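The values are calculated or read from the model by the stated rules, or taken from the named source; none is laboratory data. Nothing here was measured: the structure is a model prediction, and the numbers come from that model. Here the Cβ is made from the backbone with ideal geometry for all residues, glycine too, and neighbour counts use every protein chain on show.
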Amino acid sequence: MRGVQMADTDIPKHDVIIVGAGPAALSAAIYTTREDIDTLLFERGVPGGLAAITDWVDNYPGFPEGVAGLELASNLQKQAERFGAVIEFGEVLKIHDEGKWKRLETTSGDMLARAVLIATGSDYKKIGVPGEVEYYARGVHYCATCDGAFYRDKRLVVIGGGNSAVQESIFLTRFASHIDLLVRSTVKASEILQDDLQTYVDSGKITVHLNTATEEIVGEDGKVLHVIGKQHGKRVDFPTDGVFVFVGLKPNSEFLKDSDIELDHLHLVKSNDDLQTTMKGVFVAGDIHSGATMQIASAAGEGATAALKIREYLEGHKHPIQN
Amino acid sequence: MVKNITIFTTTTCAYCPMVKKYLGAKGLQYDEVNLDKNPERQQEALAISGALTVPVTVITKHDDTREVVVGYNLAKLAPAVA
């Protein structure tokens, strides 16, 4: 449609700026750029987002044997870039509604966009117990694919009971001699993952501790030594060399605080049926969207939908099939 | 001025290719130590960075001073290799 413009001011202008470069964002970019809509993505971390640091993705359509998260992320990025999407590494700090244009305050300066897609996804939550911050990256970790290799033949504690906790525990068995999986209530991972988990439980590689709340991560001389848990009101000690935490997701919506974009009680972004937020011309897709299923396939699908809704918005009319 | 750069990586780390891509785009050469293939060098990475994580980028300057960047942190990496 049009390239970067430097019209009235020195502020760069784009048709669409996508905040984030995860599966929702990259899928949207594939659609917008194929329609020749000038698209810039802003990413503060790694393209692919959480998918890129996930060991293995088994439920993304089109990969009968599954696919490494990093490979999926890399392929999504390549596909979007093939059609002309540009990823800028930086952070969007605020979005201002200036009518026809949205002004984005970013770490690379101000930018203007005719439409914006918020696809910032989520990050792993912290548990907030003593020792977690003190031993961060020195015994407490949130990325198994990054840091698991440091625990060859060591004991590990993994905290969490959802898909990520189970999936990453299984991944960590390739390094660790034994894993204690501390689950606050019951294991909530998908049935297929629970079946996989059972294999490792049977072989003695993973021990699952249900109804076990984590109370403290204890170390000495810069090394983690054990985790204190509470099980049925009693203190239980888990000796360990390291701790991996996967206790759920925290939406990346801090930058929208005090903006005109409405969030729900979980700090996820609300939208209408057209995926448009409470700020006209600003859309939302993926894990950051209120009601999101937190699935990569859902995020990718919603990214594509958002791109089509953005095209309609930019063109000022509905797609013929909806007229 | 940069004399040499070493990056400690693992095979599955998503942030490691980002560092390599950034240095490559700047036309900077680097040595890579993959800790999955060279586990005996993990202690070295830990001693240098103080962290059990990758990527760890070690930038040695011409005056033999050294800067260490832990993680994919462009705010630190960019000035360190400038």
Within the stretch A:152-179, how many residues are within 18 Å of B:GLN42 (Cβ to Cβ) and either crowded, with 24+ Cβ neighbours inside 10 Å or aliphatic (A, V, I, L, M) (or both)? 3
Within the stretch A:126-136, residues being within 14 Å of chain B (Cβ to nearest Cβ) and either buried (at least 23 other Cβ atoms within 10 Å of the Cβ) or in contact with a strand residue (DSSP E or B) (Cβ under 7 Å, 6 or more places away or on another chain) (or both) number 1
If you scan the stretch A:62-83, which residues turn out to be closer than 15 Å to A:LEU40 by Cα, surrounded by fewer than 18 Cβ atoms within 10 Å (Cβ to Cβ) and either in contact (Cβ under 8 Å) with a residue 24 or more places away in the chain or under 21 Å from the mean Cα position of the chain (by Cα) (or both)? A:LYS78, A:GLN79, A:GLU81, A:PHE83
Could you tell me which residue of the stretch A:55-86 is farthest from the other protein chains (Cβ to nearest Cβ), considering only residues that are in contact with a helix residue (DSSP H, G or I) (Cβ under 7 Å, 6 or more places away or on another chain) and part of a strand (DSSP E or B)? A:VAL57
Considering only residues that are exposed (fewer than 15 other Cβ atoms within 10 Å of the Cβ) and under 22 Å from A:GLU168 (Cβ atoms), which ones fall in the stretch A:248-266? A:LYS250
Taking the stretch B:1-37 and the residues there that are of a type in the set (A, V, I, L, M) and not in a loop (DSSP other than H, G, I, E, B), the one that is nearest to A:LEU50 (Cα to Cα) would be B:MET18
Reported set for the stretch B:1-58 where residues are among the basic types (Lys, Arg) and either farther than 17 Å from A:LEU70 by Cβ or touching a Ser or Thr at 6+ places or on another chain (Cβ under 9 Å) (or both) is B:LYS3, B:LYS20, B:LYS26, B:LYS37, B:ARG41
Identify all residues within the stretch A:226-271 that are among the basic types (Lys, Arg) and more than 30 Å from A:VAL19 (Cβ to Cβ); write none if there are none. A:LYS230, A:LYS234, A:ARG235
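Picking from A:VAL187, A:VAL218, A:VAL227, which residue would you name as being without any contact (Cβ under 8 Å) to a residue 40 or more places away in the chain and away from chain B (no Cβ under 14 Å)?
Details: A:VAL218 fails: without any contact (Cβ under 8 Å) to a residue 40 or more places away in the chain; A:VAL227 fails: without any contact (Cβ under 8 Å) to a residue 40 or more places away in the chain.
Exactly one of A:VAL187, A:VAL218, A:VAL227 is without any contact (Cβ under 8 Å) to a residue 40 or more places away in the chain and away from chain B (no Cβ under 14 Å), namely A:VAL187.
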Sort through B:PRO39, B:PRO17 and tell me the only one that's within 15 Å of B:LEU77 (Cβ to Cβ), within 8 Å of chain A (Cβ to nearest Cβ) and touching a helix residue (DSSP H, G or I) at 6+ places or on another chain (Cβ under 8 Å). B:PRO17
Go through the stretch B:38-68 and give me each residue that's free of Cβ contacts under 8 Å to residues at least 40 places away in the same chain and assigned to a strand (DSSP E or B). B:ARG66, B:GLU67, B:VAL68
Residue by residue through the stretch A:153-164, note down the ones that are in a loop (DSSP other than H, G, I, E, B), under 25 Å from A:VAL67 (Cβ atoms) and either within 10 Å of chain B (Cβ to nearest Cβ) or touching a Gly at 6+ places or on another chain (Cβ under 9 Å) (or both). A:GLY160, A:GLY162
Among the residues of the stretch B:20-36 satisfying the criterion of being surrounded by 12 or more Cβ atoms within 10 Å (Cβ to Cβ) and hydrophobic (A, V, I, L, M, F, W, C), which is nearest to the other protein chains (Cβ to nearest Cβ)? B:LEU35
Checked A:GLN194, A:GLN167 against criteria (within 14 Å of another protein chain (Cβ to nearest Cβ), more than 12 Å from A:VAL243 (Cα to Cα), within 25 Å of the chain's Cα centre (by Cα) and among the polar types (S, T, N, Q)); the one match is A:GLN167
Considering only residues that are more than 14 Å from chain B (Cβ to nearest Cβ) and assigned to a strand (DSSP E or B), look in the stretch A:35-54 and name the one that is farthest from A:VAL245 (Cα to Cα). A:THR39
Go over the candidates A:VAL245, A:VAL201, A:VAL282, A:VAL269 one by one and state the one that is surrounded by fewer than 16 Cβ atoms within 10 Å (Cβ to Cβ) and in contact with a strand residue (DSSP E or B) (Cβ under 9 Å, 6 or more places away or on another chain). A:VAL201
Name, by its number, the condition in (1) modelled with pLDDT of 95 or more; (2) assigned to a loop (DSSP other than H, G, I, E, B) that does not hold for A:ARG138. (1)
Whichever residue in the stretch A:87-98 is acidic (Asp, Glu) and more than 13 Å from chain B (Cβ to nearest Cβ) and, among such residues, is surrounded by the fewest Cβ atoms within 10 Å (Cβ to Cβ): A:GLU98
When the stretch A:87-113 is examined, which residues are found to be among the hydrophobic types (A, V, I, L, M, F, W, C) and touching a helix residue (DSSP H, G or I) at 6+ places or on another chain (Cβ under 9 Å)? A:ILE87, A:PHE89, A:VAL92, A:LEU93, A:ILE95
